[in-house]
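To keep things clear, I will list the structure first and then write my remarks on it.
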Amino acid sequence: MPVQALPFVFSLLVAGALTPLVLSRLAEAGATRENYRGRRLPVPIGIVVVPAALIALIPVMLLARLTDADVFPDNLGFAVVFIPGIALLGLIDDALSGAGRGWRGHGKDVLGGSLSTGLLKAGGTLGLALLVASSLPGSDADFLLATAVLVLATNAFNLLDLRPGRSVKALVLLGLGLTLATQNTAALAGLGIFIAPVLVAGWFDLRERGMLGDTGSNAVGGLAGLWIVLTLDTDGQVIALLLLLALNLFGEFRSISKVIEKVPGLRHLDSLGRPT
């Protein structure tokens, strides 16, 4: 096993131990919400992602500092900056969101003089995206392109998180496609410390033991955006940007779930692994 896979392994072990405890504590605290089938489930189990990754940093940093093992992936710093920040913004949305949904709903909240957690989340995500993109190589146009991809990916995967396991399945398919198409494993190594707890939380989400919430779906979308900008060249990012923009616009005015239900292959993949 490559030593740069150790952050993923450490984080996977921590998340596996931590997630059932988080689920129990959420249920005890009454932090539950009805899912699309009317079942009340603990939410947001996505809060496990950041603590699991940060706890896994303990052995990673000790090994990196005290031994000759090259366990610190090149792109880990981008994930450590971006994912905790947008997960926090998602947690604020989980805790304080009102009835407004989508850009139109949040716009009405602002015009009505109330707090819009959606716009708060969008503004914070933009700030974090600008910070991360400013550290990437390239021209000013590349900087703006990467920023747009990060912001739109975060929101797009939030829109996908309307059925158990859907957003995490989309992340897995995206990552698999990017890795196979480009043969770039550096991004996977750098993001692995957060991918591992997302997979664990995603499994509990898929099995309807809990729901990711905006906390979790933000983390999933942030990982997707980082994976794209760390893997694809400018032309690839432009294509990704156009697809993400189309998905965001479609999700604002139409139901993504209804489209998936009408396509047999997508419907089967979407429901795969869920309790019947």
What number of residues in region 1-57 are more than 30 Å from Thr276 (Cα to Cα) and not in a helix (DSSP H, G or I)?
2
Only residues that are touching a Gly at 6+ places or on another chain (Cβ under 6 Å) and surrounded by fewer than 24 Cβ atoms within 10 Å (Cβ to Cβ): list them for region 205-239, please.
Leu206
Could you tell me whether Asp140 is among the charged types (D, E, K, R) and either out of contact with any helix residue (DSSP H, G or I) (no Cβ under 7 Å at 6 or more places or on another chain) or on the phi > 0 side of the Ramachandran plot (or both)?
yes
Return yes when Ser167 is crowded, with 22+ Cβ neighbours inside 10 Å, small (Gly, Ala, Ser) and touching a Ser or Thr at 6+ places or on another chain (Cβ under 9 Å) and no when it is not.
yes
Region 121-140 - residue that is outside any helix (DSSP H, G or I) and small (Gly, Ala, Ser) and, of those, nearest to Ala153 (Cα to Cα):
Ser135
Which one of these does Leu126 not meet: (1) in contact with an Asp or Glu (Cβ under 9 Å, 6 or more places away or on another chain); (2) surrounded by fewer than 23 Cβ atoms within 10 Å (Cβ to Cβ)?
(1)
Can you tell me which residue is surrounded by the fewest Cβ atoms within 10 Å (Cβ to Cβ) among those in region 170-185 that are outside any helix (DSSP H, G or I) and not hydroxyl-bearing (Ser, Thr, Tyr)?
Gln183
Condition first: within 18 Å of Phe10 (Cβ to Cβ), within 21 Å of the chain's Cα centre (by Cα) and small (Gly, Ala, Ser). Can you find one or more residues in region 59-78 that meet it?
yes
Could you tell me how many of the residues in region 237-270 are free of Cβ contacts under 8 Å to residues at least 24 places away in the same chain, of a type outside the set (Val, Ile, Thr) and part of a helix (DSSP H, G or I)?
14
For Leu131, work out the one condition from (1) of a type in the set (A, V, I, L, M, F, W, C); (2) in contact (Cβ under 8 Å) with a residue 24 or more places away in the chain; (3) touching a helix residue (DSSP H, G or I) at 6+ places or on another chain (Cβ under 6 Å) it doesn't fulfil.
(3)
Checked Gly77, Gly113 against criteria (at pLDDT below 95 and within 26 Å of Leu199 (Cα to Cα)); the one match is Gly77
State all residues of region 189-205 that are of a type in the set (Val, Ile, Thr) and over 11 Å from the mean Cα position of the chain (by Cα); if no residue qualifies, say none.
Ile193, Val200
Could you please tell me which pairs satisfy a Cβ distance under 6 Å, a separation of 6+ or placement on different chains, a first residue in region 165-185 that is at positive phi and in contact (Cβ under 8 Å) with a residue 24 or more places away in the chain, and a second residue that is among the acidic types (Asp, Glu) and assigned to a helix (DSSP H, G or I)?
Gly165/Asp205
Candidate set from region 222-250 (those that are small (Gly, Ala, Ser) and under 17 Å from the mean Cα position of the chain (by Cα)); member that is farthest from Ala189 (Cα to Cα):
Ala240
Which condition number in (1) in contact (Cβ under 8 Å) with a residue 12 or more places away in the chain; (2) farther than 17 Å from Trp203 by Cα; (3) of a type outside the set (Phe, Trp, Tyr); (4) surrounded by 14 or more Cβ atoms within 10 Å (Cβ to Cβ) is the one that Pro44 fails?
(2)
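The values are calculated or read from the model by the stated rules, or taken from the named source; none is laboratory data. From a predicted model like this one, the values you see are computed outputs, not experimental measurements. Virtual Cβ from ideal backbone geometry, glycine too; neighbours counted across all protein chains shown.
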